[in-house]
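I have placed the structure first, in the form of structure tokens, so that the comments after it can refer back to it.
The values are calculated or read from the model by the stated rules, or taken from the named source; none is laboratory data. Model, not experiment: these values are computed from the prediction. Cβ: placed from backbone, ideal geometry, glycine included. Neighbour counts: every protein chain shown. SASA here: full protein model, heavy atoms, side chains in, ligands and nucleic acids out. Shrake-Rupley method; radii C 1.70, N 1.55, O 1.52, S 1.80 Å.
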Number of protein chains: 2
Amino acid sequence: MDSWRLNGNSLETAGSGLTPEDRGLAYGDGLFETIAIRNGRLRFIERHLARLRDGSERLGIALPDYVSDELQTAAQDTEHGTLKLILTRGTGERGYNPAGATTPNLYVGVSAAISVSPAPEAIGITATVCKTTVSVNPLLAGLKTLNRLEQVMARAEWSDAGVREGLMLDTNGHVISGTMSNVFAVIDNQLCTPDLQSAGIAGVMRSVILDAAGIDASVRNIPLAEFLTASEAFFSNSLIGLWPVVSLPHNGTQLALTPGPYTDAERTALVSLGVEECSR
Amino acid sequence: MDSWRLNGNSLETAGSGLTPEDRGLAYGDGLFETIAIRNGRLRFIERHLARLRDGSERLGIALPDYVSDELQTAAQDTEHGTLKLILTRGTGERGYNPAGATTPNLYVGVSAAISVSPAPEAIGITATVCKTTVSVNPLLAGLKTLNRLEQVMARAEWSDAGVREGLMLDTNGHVISGTMSNVFAVIDNQLCTPDLQSAGIAGVMRSVILDAAGIDASVRNIPLAEFLTASEAFFSNSLIGLWPVVSLPHNGTQLALTPGPYTDAERTALVSLGVEECSR
């Protein structure tokens, strides 16, 4: 990030609030959002705020009432870029008990480094199947918490720059997501995406795709073997829009895919909603 | 903590190293240790360092070679207290990929607030059975990582000050640990503790107990129903030594226990190893 703010002030001014005692560092006790700034606006801001509100309620962290204004303030001088928000439970007594920690910390960072023209990977990427699994935990499922070590370890599995994303399964062998994205597949002429009631992060771009008019998607458990019969597949997240999968090597075989009518329809729908990255 | 150091310097001097970009905050990408300082010494320091070394190898974080000296420096003016160490992967490029983050951050905090005389809870505590589960993930099992939101949510389940610990199960219904401790039970005249190959943290006090001469413990899966047939049970961690369980209410019934010969033997063994909290 190019600059950070903390609790409504520039980080330099608020410096004393930054401490290793923050439960966000100690325990990953908090949430984050990564929001695309496009043409001076925070894209899908209401969806990001809705997920943040849901998460803060489920974790019992009081969401500061100035959060929406703060995000606008942080983003105001940026035409295209990325805003990252970190909401932690703040500091409290030593130990896991959150009862004493009643003043959350809100970090907001902005960077202006992103390209919004379609990247080569928007045409289609090679993905891998990760060995690192996503934990099953219904209490935390769907939330974008600061506990992301599984994604870090999954992403560390490959260093080949030609591989752009990794498919993650839960401990039951169901496909859950990419390391930094959600995933969709067309199986038997039906668009599907994993059910995230017990694992994974419910992405904002995923929700945009699910709500897009014209294509109904089935939200359900997808075993890997079934995923590998897909005729189309794509990853989605807030910053990339969607990335079609064209190649998925696994256990010595290779699933070769071509973006087809479902991918094209979603891409068109996303472009109409302001996801310029999906234009070709 | 009363004071913190970062990367071998006081936090004030090293202030510029403290940043919201630390992957410890962003993703919980790191490890921690909580070490008792007793009579001016870091108790069981070699075991803590061994776990930290194992963890840093498994996560691929380079452990700074000055870590041992740094801990001694931080603790040197403290007779009785607690040292907390946080090792993170440091900062790097945006995103989960750890490849660019090659300079770890080492935070060390010391507080001198702890009493070492036996607390009332050393005589026996009431515990509860938590609804929040411990995730199954063999890749991270055993490690004391910064991803501890499950423990936070489990500890948030009760506010009754008379309840001192909560028993946590994994998603398969096996007993794994307390929220901040490991757990032992005597079942059919055999001391047992959960196998932590797929979930939980392998505690230092647990390893001391397992290595203590005289009592062999069985390390295995323990379903809750079996745990509830125990004749003795206790929780252990580095700061408390062991806490016998005398009461464990569950689903309307109440398991009442009395510390017996196994608990007494372990208490005696721990006192001889310097765990004064276990003397009565």
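List of remarks:
- Hits in the stretch A:57-72 (condition: within 14 Å of chain B (Cβ to nearest Cβ) and free of Cβ contacts under 8 Å to residues at least 24 places away in the same chain): A:Glu57
- Any chance A:Thr179 is free of Cβ contacts under 8 Å to residues at least 40 places away in the same chain, of a type in the set (Ser, Thr, Tyr) and out of contact with any His (no Cβ under 9 Å at 6 or more places or on another chain): no
- Remark: A:Asn97 matches the filter, which requires a residue to be within 22 Å of B:Thr145 (Cα to Cα) and free of Cβ contacts under 8 Å to residues at least 12 places away in the same chain.
- Inside the stretch A:98-127, residues that are part of a loop (DSSP other than H, G, I, E, B) and open to solvent by less than 50 Å² (accessible area, probe 1.4 Å) make up a count of 7.
- Unmet criterion (only one of (1) modelled with pLDDT of 90 or more; (2) more than 8 Å from every other protein chain (Cβ to nearest Cβ)) for A:Glu12: (1)
- Residues of the stretch B:77-88 satisfying the condition of being open to solvent by 10 Å² or more (accessible area, probe 1.4 Å) and touching a residue at least 24 places away in the same chain (Cβ under 8 Å): B:Thr78, B:Glu79, B:His80, B:Lys84
- Residues in the stretch A:135-145 that are crowded, with 20+ Cβ neighbours inside 10 Å and at the interface with another protein chain (Cβ under 7 Å from one of its Cβ atoms): A:Ser135, A:Val136, A:Asn137, A:Leu140, A:Thr145.
- Of all the criteria given as (1) facing another protein chain (nearest Cβ under 10 Å); (2) open to solvent by 20 Å² or more (accessible area, probe 1.4 Å); (3) modelled with pLDDT of 95 or more, the one not satisfied by A:Ile45 is (1).
- Which numbered condition A:Thr171 misses (of (1) closer than 20 Å to A:Leu224 by Cβ; (2) at pLDDT 95 or above; (3) not basic (Lys, Arg)): (2)
- Positions within the stretch B:245-280 being of a type outside the set (Gly, Ala, Ser), farther than 21 Å from B:Leu191 by Cα and part of a loop (DSSP other than H, G, I, E, B), in sequence order: B:Asn251, B:Arg280
- Exclusive hit being within 12 Å of another protein chain (Cβ to nearest Cβ), in contact (Cβ under 8 Å) with a residue 12 or more places away in the chain and of a type in the set (Ser, Thr, Tyr), set A:Thr132, A:Thr126: A:Thr132
- Verdict on B:Leu52 being away from chain A (no Cβ under 14 Å) and within 30 Å of A:Lys144 (Cα to Cα): yes
- Whichever residue in the stretch A:242-264 is touching a Leu at 6+ places or on another chain (Cβ under 9 Å) and under 16 Å from A:Arg206 (Cβ atoms) and, among such residues, is surrounded by the fewest Cβ atoms within 10 Å (Cβ to Cβ): A:Tyr262
- Spans of strands (runs of 3 or more DSSP E) in the stretch B:146-239 with at least 3 residues open to solvent by less than 10 Å² (accessible area, probe 1.4 Å): B:163-169, B:175-178, B:182-187, B:190-194, B:232-237
- Residue-level analysis places A:Asp69 outside the set of residues that are closer than 22 Å to A:Met180 by Cβ and open to solvent by 30 Å² or more (accessible area, probe 1.4 Å).
- Residue within the stretch A:225-233 that is under 18 Å from the mean Cα position of the chain (by Cα) and within 20 Å of A:Ala50 (Cα to Cα) present: no
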